[in-house]
1. Per residue of B:38-46, how many C-beta atoms from partner chains lie within 10 Å of its own C-beta, taken as a mean?
2. Among A:Thr114, B:Thr93, which comes first, then next, by fewest other beta-carbon atoms within 10 Å?
3. About the Cα centre of segment B:39-112, what is the dipole size in debye to 20, counting +1 per Lys and Arg Cβ and -1 per Asp and Glu Cβ, all else neutral?
4. By how many nm would the segment from B:Thr65 to B:Arg16 lengthen if fully extended, with 0.36 nm per residue of separation less the alpha-carbon distance?
5. Would you tell me the mean number of C-beta atoms belonging to other protein chains that fall within 10 Å of each C-beta in A:23-32, as a whole number?
6. Quick check: residue separation of B:Gln111 and B:Thr5 times 0.36 nm, minus the Cα distance between them. What number comes out in nm?
7. Go through B:Val92, B:Ile63, B:Gly50 and say which Cα lies farthest out towards the positive end of the charge dipole of segment B:3-108; charges sit on Cβ, +1 for Lys and Arg, -1 for Asp and Glu.
8. For segment B:41-52, in order, what is each residue's ³J(HN,Hα) by Karplus, 6.51 cos²θ - 1.76 cosθ + 1.60 with θ = phi - 60°, in whole Hz (x at glycine and Pro)?
Amino acid sequence: GAVVSQHPSWVICKSGTSVKIECRSLDFQATTMFWYRQFPKQSLMLMATSNEGSKATYEQGVEKDKFLINHASLTLSTLTVTSAHPEDSSFYICSAEGGLAGVVQFFGPGTRLTVL
Amino acid sequence: DAKTTQPPSMDCAEGRAANLPCNHSTISGNEYVYWYRQIHSQGPQYIIHGLKNNETNEMASLIITEDRKSSTLILPHATLRDTAVYYCIVRVTGGGADGLTFGKGTHLIIQP
């Protein structure tokens, strides 16, 4: 199947700082990318949907000014957690769909964020 | 609201077929059934999807009932590496991609 990468795989930061997570589709052009969040012992929750070149659509309850999403190209989307706090500590996972991937969403390996 | 219902956990002996059920009684005519699995601390892995016909690939088989209200994922020869949480998801495809709604899934444990 298609390959999606994320960087970094884990990050530890101090409260109040910002963290950027990259999501790349390696072997296909993704018309749509998604960002999910997963807290311990819970299922994935969709945070936002982004299409290349347009503004992201955020799910209810997700602060768009706190979780900045940029989808600058068909192979790259970034999620920036601004002014991170300990409650933002979570497993962040992206997925990509489109192009040769067709109607299947392929997921990245995830990024573990710990805010101290 | 969850669109699918799955048992919370199942056990299966290594080498045997693992049959994971899923109920989706409110599925619409244009919704596909997707299966993913998630091994601890990793991103979900796509397994298979289908509309109404049975599907098979190198990982698994998907059996969808004629009324499409339920389906079964079959792992033909389960190994220890198949231990994971399996998610059954229904979704419309094409024309405006939507994110996936994950329920609690089935925690499949393969016993040696």
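1. On the way: counts 6, 0, 0, 7, 6, 15, 11, 3, 8.
That works out to 6 on average.
2. By the 10 Å Cβ count, ascending, the order reads A:Thr114, B:Thr93.
3. On the way: 6 positive and 6 negative charges, 34 e Å.
Approximately 160 debye in magnitude.
4. Length difference between fully extended and current span is 15.4 nm.
5. Average neighbour count from other chains, rounded to a whole number: 1.
6. On the way: separation 106, 0.36 × 106 = 38.16 nm, distance 2.39 nm.
In short, 35.8 nm is gained.
7. Checking the options against the dipole of segment B:3-108, the answer is B:Val92.
8. Working through the residues one at a time gives 6, 10, x, x, 10, 5, 10, 6, 8, x, 9, 9 Hz.
Here, each number is a calculation from the coordinates, and none is a lab measurement. On a predicted model such as this, the values are computed, not experimentally measured, just so you know. Note that we place each Cβ from the backbone using ideal geometry, even for glycine, and neighbour counts take in every protein chain shown.
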